[in-house]
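Single-structure report; data block below.
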Amino acid sequence: MTGSDSIPDYSDDWYEDEDLEDQDDEYVAQYDITAAPNDFNVRTIFDFIESGAVKIPGFQRNYVWDQRRASKLIESIIIGLPIPQVFLYEESRNNFLVIDGQQRLMTIYYFIKQRFPKKDKRASLRAIFSEHGEIPDDVLHDDEYFAKFNLRLIAKLPDVPNQFNKLNYSTLGEYKTQFDLRTIRNVIIKQNLPDDNDSSIYEIFNRLNSGGINLKPQEIRISLYHSYFYEMLSRINLNLTWRRLLGLDEPDLHMKDIEILLRAFAMLIEGAKYKPSMTKFLNGFSKNCRSLDGEKIKYLENLFESFMESCADLPDNAFLSKRGRFNISLFDATFAAICGEVFSDRELLVENIDIDAVAELQSDKEFIDASQSDTARKTNVETRLKRARAILL
């Protein structure tokens, strides 16, 4: 996030760095957007989160602050220091998405709940939140997942203890009302035109966050278009064969592995309708997948599992480039071609993939030419899918 909501960046050199996410060069439409400032007090903000009126889809990224940093925010609120404003996107009446300010809002929520998430349990909490849509009370009060949220504040001056150190929400005394009534500026954004409801939200989210740690496109995408389909992607992302073929034991911090799965399904289901940019294509596909029913999602999950079983004989480097990096174009073209044969009839794969055919596709001149530059161009995407079907089938 911007400003105080930053987290450290990590290397992402395990995959081919293609020009897939070409959002910086794409045309951005003109919008009619209302941005209305509102000063809500802390207790009202907590009630909004508790009721579900304010949703924090960014919880799909772990809460990343430590207790000292969170304590400093709470102290700032108590003593009346200004904190950065929060940006909310109005999806519908009394229904808002947080697009900037996740860490601040979750800190307030945890402090009033008097619970602080343990660092080694935050990935587990993310999965629990995905499953339930909230953190159940029995988990919130489970000491395996949470510790007491007592403020950790250092002394302002030598030998002068900080008066708020070790206090919690219930022991603030006379400062509790002061804390509850402090206001935080919330900028509520609403798209008026074009009337497609939310085409601006990705661009707003991207630009608000580009000043800080540069959230990756998939981190933004999963926040804005989270759905049962995305929960399925998170499950299959743990498949052991998939992890072996990726060459990664653990899920990628910036969710690039989730993005590769998303793109593979997008090419399978909507590849024939592809048009640049890749960012807009994946955004649109993600949005469409929010309407998929449980039966369709379960089939797609089973289809992927059958595809992984078909890959059982493939070597670890089957989808790696000569530089030892995961070749995204090779994987999604292979997935779309192989699964395309059974997809229309809702069937599953039963035969193993021909190792030699995958190697032939990887060395095919037409496929290589369509994979080396301008990979997101429509003709190159079409060529890769066409060559994959011709060779693999």
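With a ≥ b ≥ c the root eigenvalues of the C-alpha gyration tensor of the range 87-170, is it rounded (a/c under 1.5), prolate (a/b larger than b/c) or oblate? Cα axes put the range 87-170 in the oblate bin. Restriction of the trypsin sites (Lys or Arg not before Pro) in the range 324-393 to DSSP coil positions whose beta-carbon has at most 12 other beta-carbons within 10 angstrom yields Arg346.
Rounded to the nearest whole Å³, what is the per residue volume of the convex hull around the Cα atoms of the range 273-328? Walk me through the intermediate numbers first.
Details: hull volume 6.7 nm³, N = 56.
It is 120 Å³ per residue.
Highest mean packing first, where packing is the average number of other Cβ atoms within 10 Å per residue, the peptides 139-146, 303-310 line up as 303-310, 139-146.
Once the Cβ-Cβ distance of Glu295 and Arg93 is raised to the sixth power relative to R0 = 41 Å, the FRET efficiency obtained is 0.85. Residue ranges 165-174, 245-254 sort as 245-254, 165-174 when ordered by packing (mean number of other C-beta atoms within 10 Å per residue, highest first). Lys-Lys pairs in the range 216-392 that are eight or more residues apart or on separate chains and whose Cα atoms lie under 17 Å of each other come to 14.
Over 33 Å, how big is the tail of the calculated P(r) for the chain, in percent of all Cα pairs? Could the numbers behind the result be given before it?
Details: 29749 of 77028 pairs.
Tail of P(r) above 33 Å: 39 percent of Cα pairs.
Restricting the range 220-292 to trypsin sites (Lys or Arg not before Pro) that sit in a DSSP loop and have at most 12 other Cβ atoms within 10 Å of their own Cβ leaves Arg290.
Can you tell me the 0 to 90 degree angle between the C-alpha axis of helix 256-270 and the longest principal axis of the chain, rounded to 10? With both axes taken from Cα atoms, the answer is about 50 degrees.
For Asp159 and Val64, the FRET efficiency from 1/(1 + (r/R0)^6), where r spans their Cβ atoms and R0 equals 30 Å, is about 0.35.
When only Cα pairs below 8 angstrom with a gap of at least 6 residues are kept, the chain shows a relative contact order of 21 percent.
What is the dipole size for the chain, taken about its Cα centre, with +1 at each Lys and Arg Cβ and -1 at each Asp and Glu Cβ, in debye to the nearest 20?
Working: 49 positive and 65 negative charges, 324 e Å.
It comes to approximately 1560 debye.
In the elastic network of the chain, a GNM with C-alpha springs shorter than 10 Å, the most mobile of Asp159, Asp100, Asp257 is Asp159. Note on Asp180 and Asp249: with the Förster distance fixed at 41 Å, the Cβ-Cβ geometry gives a FRET efficiency of about 0.35.
Each reported figure results from applying straightforward, stated rules to the coordinates on display, with no laboratory input. All of these numbers come straight from a predicted model, not from anything done at the bench. So basically every Cβ, Gly included, is an ideal-geometry build from the backbone, and we count neighbours across all protein chains shown.
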